[in-house]
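Bear in mind that the values in this text are calculations on the coordinates, not laboratory data. Just so it is clear, the structure is predicted and the values come from calculations on it, not from any experiment. Neighbour counts run over all protein chains shown; Cβ positions are idealised from the backbone, glycine included.
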Amino acid sequence: MAFNHWMILLFSVWANITWAHGESLVELDHAPLNIENRDQLLRGAKHFQQVCLTCHSMHYLRYDDITQEAGIIKERMPVWDDLSWGGRPPPDLSLIVKRRTADWLYTFLRAYYIDDTRPTGVNNLVWPNTSMPNPFISRQGTQQLLISEAHLHDSKGKYRWSQVLKLDRPGQMSGEEFDQYIDDIVNYLVYAADPSYLKREAYGPWVIGYLLILLFFVARLSMSYWDDVKRKHHMK
Amino acid sequence: MSLNKWINDRLPIDDFVDQHLRHYYAPKNLNFLYFFGSLAMLCLGIQILSGIWLLMYYEPTVETAFDSVEYLMRDIPFGWLLRYTHAAGASAFFVILYMHVYRALLYGSYRKPRELLWLLGLFLLILVMAESYTGYILPWGQMSYWAAKVIMNIFGSIPVIGPPLMHLIQGDYVISEATLQRFFAFHVVVFPMVLLGVVFIHLCALHTVGSNNPDGIEIKDNLDKDGIPVDGVPFHPYFTIKDIVAAVVFLIIFFAVIFYDPTFHGLILEKENFIPADPLVTPPEIKPTWYLAPYYAILRAVPDQLLGALAMLASLFIFAFMPWLDRAPVKSMRYKGTRSRVSLFLFVVSFLSLMVLGLLPATPTNTILARIATIVFFGFFLTLPYITVYDNHKTPPDRVRM
């Protein structure tokens, strides 16, 4: 009886973890992250400045050198009224990776398809019925959905976006070029969400290394004190 | 030398150190579970120090709270370290406190003559919860705001005095800047001050009755001709050095988390709290922090809100009765019988299950499981007087084992 309950509990924990992907209709791709590569971050920042900055701000990254070098400056950041865009203005992207994930963004930005029923003319597999238009149509081209929407909803999370979307009109970039382009942006956004990442990775080994050396000495000292106590205890 | 004498004639520092470190005898068989008391003090120190520095940059207004935290994280040298230390420190504090309480349950450290020590500890645990809850509101993210709202509604659900009490704590009819600034005052001044005072009293009580040990026998029952416990060793140097080893091990784990996974998959800083508070948008699910999740699960498991709030309150205060509920002739689980062991095991499983369930959405299955776990949780306390009497306890040895 009790055993069964705990098995159900374990199962429900597992089920909640595996099915908690959120609203995406497809399995998310894994975003290749390479935050240590400054060139890639700068490329991503420049793409951001050319495309994303039209609608989105980068409010919390004011004094960052990569951001400044890419020309993402406060004066160029759009400011939206709360009531603009039907009450849902484009959000600031400084912390978007914390709210979503890198994998989510990497898949989302490539999973647009033509849908005439939407006001923007496009829909998205990762965020169905998003109000964000596809900003990369000229680079990626346009994609068509290969299966019916109903089938897609039934098979939630079973496919990858590339299995159910077909490029019907190529854009300026090849598939690989576009993947790299989006990956640059995602890398920049990951960096933007927590610029301390690079510093943490740099300091980490020194701090922990120091503590490990300290541990060696204090553990030896402690053992030498306690050896006496143990010997006396066992002599009785 | 003469300065030392001059001071000690007027302030007995040397006597104090002698009495509480060099000639304070602790049982020599204390195991690793006994590290968590001193580690809790270390955590309190870390929280106070990192908190002071956060205080220099944090601005407690609705307009600036969220921005000032992000500004600290990005534009202040080592600001990220201070903030992550303070956030991870809160979680570490609760890991340590829960281990500290578990140790007490395992070895019967709440039994006579340590009842008051136990009650003071429970008061400290509740204070740390209040401290962490008020601190959680301060970044003014989505979860901060909605967590404030949920807890304030619990106060509001108390009959008669509820609504005025809720308005008194909130300082307003809704959660607003007045609430933020009140919580700021509680978090920075009121609770830490009381906390430090009660920690001191907790230590005074400890040094009066002395530490329990894994065998649950009193070392003061076996004194040598000088009146020193034969199974005791001076706290300094034996336990100061041992506690330093424990502190270094703790810091290695602590800093590994801070440097490599500071949000700890959303358990230390959840992703919803990286969205500024928005009173118009309710998050899809309102989750408590992991360390308060068991109590939240109990609150949700009871169908009625007021009864749920009472059950939640009871789940904390019922610990106060432990010294009188446990009627076993022995203290330590080492010499307690099978029933007591199974009972404690089920209690730990129910507590951990409630923790997991409190973090999950309240689906029908989860609610049923939370109800079962709640019954097991309270069942532990209610059956204790019978289980501890009708059990096949063993006889503890006269002297501690090592």
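Numerical summary
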read-out	value
Filtered chymotrypsin sites (Phe, Trp or Tyr not before Pro), the stretch B:81-146: DSSP coil and at most 12 other beta carbons within 10 Å	none
For residue B:26, distant residues with modelled amide H under 5 Å away	B:233, B:235
Long-range amide H partners of residue A:143 with built H, under 5 Å	A:114, A:168
Ellipticity estimate at 222 nm from DSSP helix runs (n ≥ 4, -39,500 (n - 2.57)) divided over chain A, nearest 500	-15500 deg cm²/dmol
Alpha-carbon centroid distance for the pair the stretch B:328-402 / the stretch A:82-137, whole angstrom	50
Inter-label distance for residue A:85 and residue B:201, nm, one decimal - labels placed 7 Å from Cα along Cα-to-Cβ	5.4
Relative contact order computed over the stretch A:79-136 (Cα-Cα under 8 Å; 6+ residues apart), in percent	21
Most positive-pole-ward Cα, A:191, A:218, A:207, against dipole of the stretch A:166-218 from beta carbon charges	A:218
Loop-located chymotrypsin sites (Phe, Trp or Tyr not before Pro) in the stretch A:57-115, at most 16 other Cβ atoms within 10 Å (DSSP)	A:63, A:80
Links that overshoot a 28 Å alpha carbon limit, given the list B:28/B:112; A:158/A:199; A:232/B:112	A:158/A:199; A:232/B:112
Exposed-site-free run, longest, chain B (rule: trypsin sites (Lys or Arg not before Pro); DSSP loop; at most 15 other C-beta within 10 Å)	B:1-224
In sequence order, calculated HN-Hα J values of the stretch B:306-314 (Karplus, 6.51, -1.76, 1.60; Hz; x Gly/Pro)	5, 5, x, 4, 5, 4, 4, 4, 4
Efficiency of FRET between residue B:130 and residue B:281 - r from beta-carbon atoms, R0 30 angstrom, step 0.05	0.65
Per-residue HN-Hα couplings for the stretch B:225-237 [Karplus 6.51, -1.76, 1.60; θ = phi - 60°; Hz; x = Gly/Pro]	5, 8, x, 9, x, 5, 9, x, 10, x, 4, 9, x
Low-density loop cleavage sites - trypsin sites (Lys or Arg not before Pro) in the stretch A:83-165, where at most 13 other Cβ are within 10 Å (DSSP)	A:158
Hits among lysines - C-alpha to C-alpha of residue B:394 under 18 Å, sequence gap 8 or more where chains match	B:331, B:336
Whole-Hz couplings from phi, Karplus 6.51/-1.76/1.60, listed for the stretch A:63-72; x for Gly and Pro	10, 7, 5, 5, 5, 5, 5, 7, x, 8
Computed magnitude of the charge dipole of chain A (debye, nearest 20; Cβ of K, R +1, Cβ of D, E -1)	1040
Cα-centre dipole for the protein assembly as shown with unit charges at Cβ (Lys and Arg positive, Asp and Glu negative), debye to 20	2360
